[in-house]
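The values are calculated or read from the model by the stated rules, or taken from the named source; none is laboratory data. Just so it is clear, the structure is predicted and the values come from calculations on it, not from any experiment. No Cβ is skipped: glycine too gets one built from the backbone with ideal geometry, and neighbour counts run over all protein chains shown.
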Amino acid sequence: MPIYLNMDRNNLAIATISWARDAQEENLLRASLTQLAGLNILVFITDGGSQSSFLDFLRSFPHFTILNPRGKGVWAQARTSVLAAAATEASFILYTEPDKQLFFRDFLPNFLSAAPLAESTGVVLASRSAAGFATFPTFQQNTETTINACCAEIMGPAVDYTYGPFLMNHQLAPYLNRVQEDIGWGWRPYVFGLAHRLGYHVVPYEANFICPPDQRTDSAVERIYRMRQLTQNIQGLVLSTTVALD
């Protein structure tokens, strides 16, 4: 029987992460998370070490819960937030990075209302169109094309798996506890691969999600970061094919 999502906190909880490392990043996160707060849905945020002024800003939203990770890195943060969101018994969890201001403002309400949520739905991906994908830095496109191809090899549909935000069935959350290694950003394809392996549907929602103009620059440091993301994503995807299911 379909589960219809009506912006109801009984159906949905949001999991995200944060770490405002400098003033520019803090300003972006403040703007983005203010936009997210407008949905008035429970949000669980695990922070990686921001200044107290930013944490006070987060606490100013009554439906935000600020958490401390058990460990360092994006994997520890994401797992903490997702498990806290799952503990609400919401049917689905929206995971998103915290800096998706354009997505929150222009697409998120439609994404939530259009998502085909049913008991058989494992994951609904926010997937970039070809035009949207082309706005991202060239080297990022190269690494994410490889990740997308590997995900398609496991799950079938040749779509964009790497934009970021996705809805996940709460039944998948306990499988995060079966990961004993730090897979970094690889936790996302780990969830996708698990959903497919368990017989759930992995469904794309495609739109023109573009790269913000101020994030289109490239550098040697950025390219190495993308290489690291590539290895983590492949690590998580491969793990999804071997982790014990019982």
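Starting from residues that are farther than 15 Å from Leu167 by Cβ and among the charged types (D, E, K, R), keep the ones in segment 184-219 and report whichever is modelled with the highest pLDDT. Going through the qualifying residues, I end up with Arg197.
Residue-wise test of (1) of a type in the set (Val, Ile, Thr); (2) assigned to a helix (DSSP H, G or I); (3) touching a Lys or Arg at 6+ places or on another chain (Cβ under 6 Å); (4) at pLDDT below 95.
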| site | (1), (2), (3), (4) |
| --- | --- |
| Arg9 | no, no, no, yes |
| Asn27 | no, yes, no, no |
| Leu33 | no, yes, no, no |
| Leu39 | no, no, no, yes |
| Phe44 | no, no, no, no |
| Thr65 | yes, no, no, no |
| Gln77 | no, yes, no, no |
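Among the conditions (1) of a type outside the set (Gly, Ala, Ser); (2) in a helix (DSSP H, G or I); (3) modelled with pLDDT under 95, Ile224 misses just one, which is (3). So, of the residues in segment 46-62 that are over 19 Å from the mean Cα position of the chain (by Cα) and part of a loop (DSSP other than H, G, I, E, B), which turns out to be surrounded by the most Cβ atoms within 10 Å (Cβ to Cβ)? Filtering segment 46-62 for residues that are over 19 Å from the mean Cα position of the chain (by Cα) and part of a loop (DSSP other than H, G, I, E, B), the one surrounded by the most Cβ atoms within 10 Å (Cβ to Cβ) comes out as Ser50.
Taken over segment 124-180, the criterion of being more than 17 Å from the chain's Cα centre (by Cα), assigned to a loop (DSSP other than H, G, I, E, B), under 30 Å from Ala90 (Cβ atoms) and β-branched (Val, Ile, Thr) is satisfied by Val179 alone. On the stretch given as segment 113-136, residues that are crowded, with 21+ Cβ neighbours inside 10 Å, under 22 Å from Leu102 (Cα atoms) and of a type in the set (Ser, Thr, Tyr) total 1.
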